[in-house]
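The values are calculated or read from the model by the stated rules, or taken from the named source; none is laboratory data. Note that the structure is a prediction, hence the values are computed from the model and not measured. Cβ atoms come from the backbone with ideal geometry, glycine included; neighbour counts cover every protein chain shown.
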Amino acid sequence: MGRHLLGAKQLSRADVERVLDHAAALDPGSSTDRRSGALLGLCFFEPSTRTRLSFEAAVKRLGGDAIDMGAIEASSVTKGETLADTVRVLGGYADALVLRHPSQGAARMASEFVSVPLINAGDGAGQHPTQTLLDLYTIRENVGLDGLNIGITGDLKYGRTVHSLSLALTNFDVSQYLISPESLRLPRSVRYDLDEAGASVTEHTDLESVLPDLDVLYVTRIQRERFPDEAEYRTVAGEYRIDAATLEDASDDLIVMHPLPRVDEIASDVDETSHAKYFEQASNGVTVRMALLDLALGGDGIFAEDDARSLAEWDDEDKRDERERNGGNQGDEREEER
Ligand code: NCD
């Protein structure tokens, strides 16, 4: 078994259930001494509020403590230190590491240089598997995890929370409705894994037409910082904006989720409706990360090894897709069953 948690592809149904059951057995908001003396190393090369603080809260509530690399500007990274050297050194100080980095694949690369468990807390437009665990926890607590229609909307191309959630959902009896502008559809690498897993996935550009069928609507921010070109960002910004009026056609039981931070994709009038679950989702982050850290610090490998394919290979194919899209077919509604 692997010691590291790098991507959602490593998560089987049994793995997910083990973490979620463990989280459900923990008393939210309470502290224990289960991992007293454990030290968690926080290496954040990209901004973070929830992820960093919920990991810190989680290890402290387990009786352990965190050491934090702090802002990049205050670390040796500014002296030109490589990621490999940084994690190798921090891995010697801590019992587990949490890494966030702007480059896709950074967590996998870094994991080769550490012997303690390394947890990917977001690698560029790649994966964000611990967000997925808390997303699944929130879904399970509210509507169960099988027999669901789940809509995922916003930036499916660059959104790492989407990539991880979509893969993890293949373990469950879920139909996924992927709703985005044509230019922000899921990358081919993720689609490949969904196909391999036999996922039930349809792609849409129009939210209104599928909204009434949904049990869960997972909204994401357009990942402005990942766009190579600001003008390209502006063409898609604000395209999917949900407010209380939008939700009038939805089922009364629909839950609306968002990994946060939101910009303007969910209007604040949704916060007062019974649909809104994003703040509950964020607070589940501590409990779920407590459960995960408790297992990870337990010594044995916790998840299957990561066996994702090379990024360069997928990059070429994504670029080919983009060229094809720009060559024709623009604006077509694609609703093919995968
Ligand atoms: C997400 C992330 O960093 O990918 N945030 C988070 O971890 N809750 C989503 C985002 O930044 O849009």
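For the reader, a short list of remarks on this structure follows.
- Single unsatisfied condition, residue 19 versus (1) closer than 30 Å to residue 146 by Cβ; (2) surrounded by fewer than 17 Cβ atoms within 10 Å (Cβ to Cβ): (2)
Table: residues versus (1) more than 29 Å from residue 186 (Cα to Cα); (2) in a strand (DSSP E or B).
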position	(1), (2)
54	no, no
67	yes, yes
88	yes, no
100	no, yes
122	no, yes
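- Scanning the range 202-250 for residues that are away from the ligand (no atom under 16 Å from the Cβ), over 18 Å from the mean Cα position of the chain (by Cα) and among the hydrophobic types (A, V, I, L, M, F, W, C) turns up 207, 210, 211, 214, 231, 244, 245, 247, 250.
- First in the range 242-255 and surrounded by fewer than 18 Cβ atoms within 10 Å (Cβ to Cβ), second anywhere and part of a strand (DSSP E or B), Cβ under 9 Å, 6 or more apart: 243/266
- Within the range 142-159, considering residues that are within 24 Å of residue 24 (Cα to Cα) and touching a residue at least 40 places away in the same chain (Cβ under 8 Å), the one surrounded by the most Cβ atoms within 10 Å (Cβ to Cβ): 150
- Residue 146 more than 16 Å from the ligand (Cβ to nearest atom), outside the structural domain of residue 15 (by TED's automatic domain parsing) and modelled with pLDDT under 95: yes
- Of the residues making up the range 90-126, those that are touching a His at 6+ places or on another chain (Cβ under 6 Å) and within 16 Å of the ligand (Cβ to nearest atom) are 122, 123.
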